[in-house]
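The block underneath contains the structure these notes are about, expressed in structure tokens.
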Amino acid sequence: MTKDLIAPLAILVAGAIMLSGTMLNHDTSWYLISTGWWLDGLPIYEEILELNPPWSFYLAAPPVWAAKTLGISATTSFQIYTLALIVASIWMAGHILRGDASIPDLTRRIWLAAAAAALVWVPMKDFAEREHLFAIFYLPFVAMSMSSTQRTRRQRGWISLWATLGVALKHYFVLMPLLLLIYRLIAERSWRPILRIETLLPAALLIGYVGASWVVHPAYFDKIIPLTLAVYGTSSLPIDILLGKAAPVLFLFLWPLIMAGLVHPDRRAALVAVLTALGGILVFFIQAKGWSYHRVPADVYTVLALVWVGTSLARTRQHWMPAALAVLGSLSILVPAIASGPYDISFAQKVERHFACAPGERSFQAFSSVVSSGYPLANYAQATPSNRAPTLWLIPGATYNLSQATDDARSKYEEILAYAKDTVLADFFRARPQLVLVDVSKEKFYFGDIDFDYIDFFSEDDAFLEAWRDYQQVGQVGDFEIYHRPGC
């Protein structure tokens, strides 16, 4: 087993060096701060307006708590935490595959090294995002599904539990184990796979998770879900743009898909690898946003499918070409990811220069529909964000839907806009932020073709209009005007 981990550990050390001193992406940076608020007693979904299910907060709690306890950066703590999860998943996957005598040592070691490279380097820009965490937790389940050796009920239960920790992050992820279940039902021509622990335990856990969330966080179901259903659709992209964003991984996916039919004798393992990659691609399209981190499961498991099928075919056909194709295809995803490196924090660096107060005494508010306007700025500048939400996510959807609504439906979106305005202004008056970042772009995200002005919108409130006189524009970064008030 020690030899199995030499290459993966070397890759993880290289990844840790690349991550050192960097920031996590905007979504994850928001979770670091909002989870800290939650641990300090602020209730999520009542006072923290987050639209994702609560498991993201629970999964972020250990590293955030550790950072508070040890007095270290929450970003560093989360990076270490994620790397530790990668080590655990690779160790479990290696243990599973090592118990299968039909898998040669070299094939197993190559695949584990590829898993480390895919899990560390492919999502470097979106390290520790929910899609990344899912891909990590899901790895041992994929290894178990590829292995021809029958595991004990207890072993299958633990691996399934570990996978469920990732699946629970987003309901979209259920599609990937569901595809494997459908494959087993067809391959075995039996309904028995439904009654196995690797099906029943995740189903029971996920149902229990929903029930527990309903009891512990009722505001998520009573407030957040209705608001999300009312306004969130405006962020979806048309299929032609999604196809363009997915084109590299779709092209690469064709290679293992075609070669899987040539693998002999263990075509089943190859099909499992290909179906897992297909599941990742479908998850990307179902979410329909086109964001880079939504492609992480597709990229990771397409690389692993290519490596598994390529090495298996090279071994059985005694020819170097499949292995060469696997290397070339994997590099086509790995090299750009490595070259791009960690998350770009240039926006945060430029805005940070406008703070007049010392780190830890800073505050700001972002009038924007994108999370990246406030995060990781808050983490980088050690500034307290005033908004109780990662972005003003209610305003664009409600504004656009209001412009399209019939007279009967207008009141619904007018109420959402009024609630959004009241919430943002309550945050503004409570915090009196030192800096305010205002998105002044003509084509703002998720507003469709509507020309929306944040200051005009909030100035409909007389109290805001009066308070806004204290703010002076001190600069502009990209499409954001930076306003400052005197004092700390």
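Every number in this text was worked out from the coordinates using simple rules, so none of it is lab data. Bear in mind the structure is a predicted one, so any value in this text is a computation, not a measurement. Here the Cβ positions follow ideal geometry from the backbone for every residue, glycine too, while neighbour counts run over all protein chains shown.
Quick notes
- Among the trypsin sites (Lys or Arg not before Pro) in segment 412-468, those placed in a DSSP loop whose Cβ has at most 13 other Cβ atoms within 10 Å are Lys442.
- Under a 5 Å amide H cut-off, with hydrogens placed 1.01 Å from N, Val474 pairs with Ile482, Tyr483, His484 among residues at least 5 apart or on other chains.
- Here the extension length gained between Ala212 and Ser236 equals 5.7 nm, from 0.36 nm per residue of separation less the Cα-Cα distance.
- Relative contact order (percent, whole number), segment 346-484, Cα cutoff 8 Å, 6+ residue spacing: 26
- Here is the list for segment 445-486: GluC sites (Glu not before Pro) lying in DSSP coil, each with at most 14 other C-beta atoms within 10 angstrom of its C-beta, are Glu460.
- Loop-resident trypsin sites (Lys or Arg not before Pro) (DSSP state other than H, G, I, E or B) in segment 245-283 with no more than 11 further Cβ atoms inside 10 Å of their Cβ are absent.
- In percent, rounded to a whole number, the relative contact order of segment 250-378 is 20, using alpha-carbon pairs under 8 Å and six or more apart.
- Which listed pairs, of Lys68/Lys412; Lys245/Lys421; Lys350/Lys412; Lys3/Lys68; Lys245/Lys412; Lys245/Lys442, have C-alpha distances above 32 Å, in listed order: Lys68/Lys412; Lys245/Lys421; Lys350/Lys412; Lys3/Lys68; Lys245/Lys412
- A prolate overall shape is assigned to segment 346-484, the ratio a/c of its alpha-carbon gyration tensor axes (a ≥ b ≥ c) being 1.5 or greater and a/b exceeding b/c.
- Here the Debye sum runs over all C-alpha atoms of the chain as equal scatterers in vacuum, and log10 of I(q)/I(0) at q = 0.07, 0.12 Å⁻¹ comes out as -0.41, -1.10.
- Sequence-distant residues sharing a close amide H with Ser368 (under 5 Å, placed H): Leu392
- The chain: calculated mean residue ellipticity at 222 nm from DSSP helix runs of at least 4, using -39500 (n - 2.57): -20500 deg cm²/dmol
- If you take the alpha carbon atoms of segment 266-419 and fit the smallest convex hull around them, that volume is 173 Å³ per residue.
- Length-normalised contact order for segment 2-340 - Cα pairs under 8 Å, 6+ apart - percent: 20
- Listed by chain and number, the aspartates and glutamates whose alpha-carbon sits under 20 Å from that of Lys170, ignoring those within fewer than 8 places in the same chain, are Asp27, Glu50, Asp126, Glu129, Glu131, Glu198, Asp222, Asp299.
- Scanning the chain for chymotrypsin sites (Phe, Trp or Tyr not before Pro) that sit in a DSSP loop and have at most 10 other Cβ atoms within 10 Å, the longest stretch containing none of them is 1-190.
- Helix runs (DSSP H) in the chain reaching 15 Å along axis by Cα, Kyte-Doolittle at least 0.0: 2-19, 55-70, 74-98, 105-120, 130-146, 175-188, 197-216, 239-260, 267-287, 296-317, 321-340, 394-404
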